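Read-outs: derived from the displayed coordinates by stated rules, not from any lab. On a predicted model such as this, the values are computed, not experimentally measured, just so you know. In this analysis, Cβ positions are derived from the backbone assuming ideal geometry, glycine residues included, and neighbour counts consider all displayed protein chains.
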Amino acid sequence: MKLNILLIDDLKPLLTLMERGLKKLGQNLFTAESGLQGLEIFENTHIDVIISDIEMTGMDGWEVARRITESSARRRIPKPVFILLTGWGSEPLIAEKALAHGVDKILTKPVEIRKLLEIVQELIGGKPFL
């Protein structure tokens with residue numbers, strides 16, 4: 001099963017690196033260089049998984065996650081798996097904040113692509129796609 005994965009990061013080199021790695025593993029990819037652009041893609045495309053940086057200019061990953069969760073509920077569609085990536089490690093009360101914003105997992109960068117897909121597979125209920 002191919003997944004529709006939306007990658008959101010305001011740093012183009014990191015976005016390109018993740019895109020290349022995930023494409024090699026056969027997934028359908030959409031990329032956004034801002035939270036707002038990511039929301040626009042989500043509103044117009046069926047997305048299974050969103051992988052977003054936390055620290056972005058304009059709209060951060062927390063706000064993107066909150067808006068995706070609200071939009072999914074409003075449109076009565078399943079919320080996509082939402083993974084946030086951070087270069088800063090964990091922060092206090094992160095689990096509570098993640099739950100409040102609809103985030104399924106927070107990972108510290110750098111993340112190996114194959115490991116990322118294993119985590120996605122676990123989060124979507126073990127359905128194989130590799």
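For this structure, a couple of remarks:
- Electrostatic tally near residue 83: other residues with Cβ closer than 14 Å to its Cβ, Lys and Arg +1, Asp and Glu -1, net -3.
- Ranked by the mean number of other Cβ atoms within 10 Å of their residues, highest first, the peptides 115-121, 20-26 come out as 115-121, 20-26.
- Computed about the Cα centre, the dipole magnitude for the stretch 1-101 is approximately 520 debye when only Lys and Arg (+1) and Asp and Glu (-1) carry charge, each at its Cβ.
- Inter-label distance for residue 16 and residue 100, nm, one decimal - labels placed 7 Å from Cα along Cα-to-Cβ: 3.8 nm
- Residue 19 sits among other residues whose Cβ lies under 11 Å from its own Cβ, and their net charge, with Lys and Arg +1 and Asp and Glu -1, is +3.
- Structure-based [θ]222 nm, the chain - -39500 (n - 2.57) summed over DSSP H runs of at least 4, per residue, nearest 500: -13500 deg cm²/dmol
- Per the Debye formula on identical point scatterers at the alpha carbon atoms of the chain, with no solvent, log10 I(q)/I(0) at q = 0.15 Å⁻¹ is -0.64.
- Those residues of the stretch 1-19 whose amide nitrogen sits under 19 Å from the label point placed on residue 36, 7 Å along Cα→Cβ: 7-12
- Segment residue 46-residue 63, extension gain: residue separation times 0.36 nm, minus the distance between their alpha carbons: 4.1 nm
- Toward the positive end of the charge dipole of the chain, with +1 on the Cβ of Lys and Arg and -1 on the Cβ of Asp and Glu, the farthest Cα among 50, 82, 124 is that of 124.
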